[in-house]
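Colleague: Quick one: the structure is below, questions incoming.
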């Protein structure tokens, strides 16, 4: 994200190892990917949400404990909906 590049997605049958990420990290990466797909900058997202730019920076900071309601608002501004799924542990 710091390099403003696409996040590589896991490929079925790939020989490379992959990691399982925390749910909040997954949500932030999904937001970043949605923003890139929609060609929405951080400044544009801040404008749509009527937030200051540092608030959007924190929302995309993987070390910051953002609130789900903030992520939901960001996704809504992109025409998306955040949902949570619970499954049995492996």
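Colleague: Would you check if residue 29 is in contact (Cβ under 8 Å) with a residue 12 or more places away in the chain, out of contact with any helix residue (DSSP H, G or I) (no Cβ under 8 Å at 6 or more places or on another chain), surrounded by 15 or more Cβ atoms within 10 Å (Cβ to Cβ) and closer than 21 Å to residue 5 by Cβ?
Modeller: Yes, satisfied.
Colleague: Give me the pairs, please: first residue somewhere in segment 47-69 and under 12 Å from residue 31 (Cβ atoms), second residue anywhere and assigned to a loop (DSSP other than H, G, I, E, B) and at pLDDT below 95, beta-carbon distance under 7 Å, and either six or more positions apart or on two chains.
Modeller: 60/1
Colleague: Further question: Pairs, please: C-beta under 8 Å, at least 6 apart or cross-chain, first residue on the phi > 0 side of the Ramachandran plot and in segment 71-87, second assigned to a loop (DSSP other than H, G, I, E, B) and surrounded by 10 or more Cβ atoms within 10 Å (Cβ to Cβ)?
Modeller: none
Colleague: It is to be established whether one or more residues within segment 58-79 are over 12 Å from the mean Cα position of the chain (by Cα), assigned to a loop (DSSP other than H, G, I, E, B), at pLDDT 95 or above and surrounded by 14 or more Cβ atoms within 10 Å (Cβ to Cβ).
Modeller: Looking through segment 58-79, none of the residues is over 12 Å from the mean Cα position of the chain (by Cα), assigned to a loop (DSSP other than H, G, I, E, B), at pLDDT 95 or above and surrounded by 14 or more Cβ atoms within 10 Å (Cβ to Cβ).
Colleague: Go through segment 24-57 and report how many residues are more than 26 Å from residue 86 (Cα to Cα) and assigned to a helix (DSSP H, G or I).
Modeller: The total comes to 16.
The values are calculated or read from the model by the stated rules, or taken from the named source; none is laboratory data. Everything numeric here is computed off the predicted structure, so don't read it as measured data. Reconstructed Cβ throughout: ideal geometry from the backbone, glycine too, with neighbour counts over all protein chains shown.
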